[in-house]
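Chemist: My questions all concern the structure below.
Just so you know, all these numbers are worked out from the coordinates, no wet-lab data involved. All figures in this text were calculated on a predicted structure; none of them were measured in a lab. Cβ placement follows ideal geometry from the backbone for every residue including glycine, while neighbour counts extend to all protein chains displayed.
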Amino acid sequence: MSPTKLREIYALAQSRGINPYRYEELSDLVRAIQRVEGNTPCFATPRAEKCCEYGCRWRAECLALAGKSPTQTIH
C-alpha cells in the first residue's frame, strides 16, 4: 500500500477517534474503523469470499487481498 494511502487511513482513523498507532496490523485498524462507522468489521477476513457490501469503502482492497475482482458478484 502506498504511503499516501496509509496516511489517508491513519487520518480517517484519527477523525473517528481511533489511535491508529495502537494497531500492529493494517487490517485490524481497518476493522476498527468499520466498527466505529457501524459496519461489520470484516476487512480481509474469510467473509470476503461472499461479500455483498457493494457500498463499502474497503471493498476493492479487501477483495484484492482475497484474490477476487471488485466487479464480481459473489454468492
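Chemist: How big is the dipole moment of the chain about its Cα centre under a simple scheme where the beta carbon of each Lys and Arg is +1, that of each Asp and Glu is -1, and everything else is neutral? Debye, nearest 20, please.
Modeler: 120
Chemist: Right, next: Defining a contact as two alpha carbons under 8 Å apart and six or more residues distant in sequence, what relative contact order in percent does the chain show?
Modeler: Averaging sequence separation for qualifying contacts and normalising by length gives 19 percent for the chain.
Chemist: Further question: Work out how much length residue 21 to residue 37 would gain on full extension: take 0.36 nm times their residue separation and subtract the Cα-Cα distance, in nm to one decimal.
Modeler: The span from residue 21 to residue 37 would gain 3.9 nm if fully extended.
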